Structures are given as C-alpha cells and as structure tokens.
Amino acid sequence: MDDVSDVNGVGDVERPGDVVGVGDEERRPEHGPLAGFTVGVTAARRADELGALLQRRGAAVLHAPALRIVPLADDSELMAATKRIVDRAPDVVVATTAIGFRGWIEAADGWGLGDALLERLRTVEVLARGPKVKGAVRAAGLTERWSPASESMAEVLDRLLEQGVAGRRIAVQLHGEPLPGFVEALREGGAEVVGVPVYRWLPPEDLTPVDRLLDAAVSHGVDAVTFTSAPAAVSLLGRAEERGLLPELLAAFGHDVLPACVGPVTAVPLQAHGVDTVQPERFRLGPLVQSLCRELPARARALPVAGHRLEIRGHAVLVDGDLRAVPPAGMSLLRALARRPGWVVPRADLLRALPGTGRDEHAVETAMARLRTSLGTPKLIQTVVKRGYRLALDPATDAKYTDE
C-alpha cells in the first residue's frame, strides 16, 4: 500500500454506502471545486480523513471499504517473522511504511519481543523508504542508514542491487501484499528474503457497500473512484469479476468514471487491466484530492445556452457559476439534450434516457418540468411543439455544434 499516513484533515466518517456532502445552497452559498461530483472511496484506513477532505471541497462521498485489516497483534505470520529476525539477525531491513513500522514494534512489545527486536535492529543496516518511515524508525530509537529522496521502492531496489545482494539476508516490511517485482528481484540476485507482513488485508465482512459502489460505477452514478492501496484495487476488481461486472467496470473507468490512485504502487492492479489512472506527484491524500479538484471540473461539459454558461457535473449543474442540484431523472434528460446541443431530441429518445423502463411519454414532461425548476432558468430548454425539446444554444455557437 502507498504510505498515506500523517495527512492533515479530520472529520466525521460517513456510514458505509451513504452519500454525504451534497451542498444546500441556503446553508452553503459558496461551493467548492468538487461541488456536483460524487466520489467513491475504497479506503479502509483513514477513510474519514479522505472523506472529510473531499467533502470540504464540495463532493458527495460514497464510502465502500473494499478491505478489512487483520490487527497486528493477532497476526501469527508477523509473530513468526519477528521471531526469525530475533533468532538470526538479517543484514538489511527495508522499512516501507510508517504506520506499519510503528505497528510492528508495538506488536512485538505485546508479545514480549519488543526489546529483543530493537536490539537486533540496532545491529543491522536499516533502509527507510521515505521521510515518514524515517521518522518512525527514529522514534523507535533507531537510525536509518539511507533513505531515497524519491520515496520510491524502485530506487531502494536499485541501491541494493548495485551494492550486491548475493548471500545477504534482507528483511522486507510488506504492506498488505507482496511488493510487485521487489522481492523477486532480490531473490534472483541471490538474497535470502524474510518477508515481514505488518498487516494483512482480507475482504470486508459486509460486501453491501462494495456492491453499491460497483453498481454506481457501472451506471456512471459516481464521477471518480479513489484508491489508496493496491489491495483495495485488487479487491474491487475481484468483486466485480465475481458479479460478472468486470467488463462494465473497466469500460466505465475508461470513459466517464475517473480512477484516482494515491501513487504508482496502488495503480498497478488497474494498469494490469489496461486502465489509465490519475496520480498526484506526491503520494499523499491531500495531493490526491487536489488532483481530483483539477481533473473533474476539467471533464465537465460547459455550454453557452440562452445567454448563460451551463456546466453539467455529475449530480448537479452550474448556471453562471451558481450550483443547482438536479434530480437523477433531470440529469438524465439534460445529458441526453447536451449530447447534441441545439438539436431537437424527440420525446421517445428522452423517455429511453430516463431511469426505469416506463413507456408513458408523460414521464418526460414531468421530469422536464422538474428539471427546468431545478435550473432556475426555464428558457435554457425550449419545447418544440409535437417534436421534443432542445437546449437553447446561443446563436453565435449554434453552427459550431449543429454541424457536427
């Protein structure tokens, strides 16, 4: 998992599956850059902080923890690895995450092995992946030998291989899954690798929130899905495959739903399925949210309509910069009209765009009336008698869109 510990920002955590953070214009006249967008959060750890950061910028949050964490003190695999290190010191210890390293020391204390483990670690070469891990190492009374400026495990691997690993015993702190290619490269170089699984990921006990997120993603009911660990991505893809939704999920990620990862390690499972992801330059929650604040508004459709600027977002619309919440049926109609702005869309086509399978065109008239009320500017949508409806695209731009 990419290390996203020690991120500023706190807030209440939403109940799994709840949609929260939709603005109320009377209570919140100012809206953030993510207003009108819905973001899925797959994190099991620090989900409250990520959700708070998103909500502060106006997003609605759909929380669906894709994993659960086995407590360190209950993990027999970690205890066995700790005893192996205490019994026989390695030459090198690679510390990869701050929370994992702190948890390892705390778990060893609980087993009565804390002092012996620290005594061993004082005699070996400790490599810390980044500044947060370095801080955890020093807080334990240890001193790291080296830490890469890039916070990259690839740079750690390059250093070890350049120095030569044949015949050396190297303990590697794992974080929920084997590090892709890292352990294998060390073993191919002749090293004996001791994996230290500081925590293990298991599927969530309640899959309902995950299924709700999957349904929302394949129906384009969310605008982005965030991932803060590779195991979470693996878990969501695996659940989609179990339900027969994997092709639809991958198609959604390729078009209308933005997959956002906290770092390159997290993105690996998605990239293996041909999915391009958005990643911040710094592997932290704050920069991840900042990336969404840039990417999602840039993807929104903006049109000059009846002398106004109409920007269509996930579950809301900006009219001249004012946020307007729109019911789902209204958003379906608006998107259908915006696909060919200025052109008349027949009622039959709009009926097919509405959620559900109704056949009464009166449903279109009802939803259209509510849409106009939500927009607050009825003249944005014109009724063409006996034909249908059209967006009242400004004459100066009408030719540009209708010639397509």
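The values are calculated or read from the model by the stated rules, or taken from the named source; none is laboratory data. Treat the numbers as computed from the prediction; the structure is a model and nothing was measured. Here the Cβ positions follow ideal geometry from the backbone for every residue, glycine too, while neighbour counts run over all protein chains shown. All accessible areas refer to the heavy atoms of the entire protein, side chains included, with ligands and DNA or RNA removed. Shrake-Rupley method; radii C 1.70, N 1.55, O 1.52, S 1.80 Å.
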statement: Candidates Gly356, Gly330, Gly130; GNM for the chain (alpha-carbon contacts under 10 Å) flags as most fluctuating Gly356
- prompt: So how far apart, in nm, are the two label points at Arg370 and Thr383 if each is 7 Å from Cα heading toward Cβ?
  reply: 1.8 nm
- request: Jot down the radius of gyration and Dmax of the chain, Cα atoms only, both in angstrom.
  value: 25.8, 85
message: Using each residue's phi in segment 338-343, evaluate 6.51 cos²θ - 1.76 cosθ + 1.60 at θ = phi - 60° and report the 3J(HN,Hα) Karplus result to the nearest Hz, with x for Gly and Pro.
response: 6, 5, 9, x, x, 8
Accessible surface, the chain, averaged per residue in Å² (probe 1.4 Å): 45 Å²
Helix axis angle, 153-163 relative to the chain longest principal axis, alpha carbon, degrees: 30 degrees
Accessible area of the chain belonging to carbon and sulfur atoms, whole % at 1.4 Å probe: 49 percent
query: What is the helix-to-structure angle for 76-87, meaning the angle in degrees between its Cα long axis and the longest Cα principal axis of the chain, kept from 0 to 90 and rounded to the nearest 10?
result: 30 degrees
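Probe radius 1.4 Å, ligands and nucleic acids left out: which of Thr123, Thr377, Thr42 has the largest accessible area, and how do the rest follow? Show your work: numbers first, answer last.
Details: Thr123 100, Thr377 30, Thr42 0 Å².
Correct descending sequence by accessible area is Thr123, Thr377, Thr42.
How big, on average over all directions, is the shadow cast by the Cα convex hull of segment 109-216, in nm²?
For segment 109-216, averaging the hull's shadow over all directions gives 9.7 nm².
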Net charge contributed by nearby residues that have their C-beta within less than 15 Å of Arg187 (K/R +1, D/E -1): -2
- prompt: So what's the angle, to the nearest 10 degrees on a 0 to 90 scale, between helix 208-218 and the longest Cα principal axis of the chain?
  reply: 50 degrees
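Mind ranking Lys83, Lys132, Lys379 by accessible surface for me, highest first, 1.4 Å probe?
From most accessible down to least: Lys379, Lys83, Lys132.
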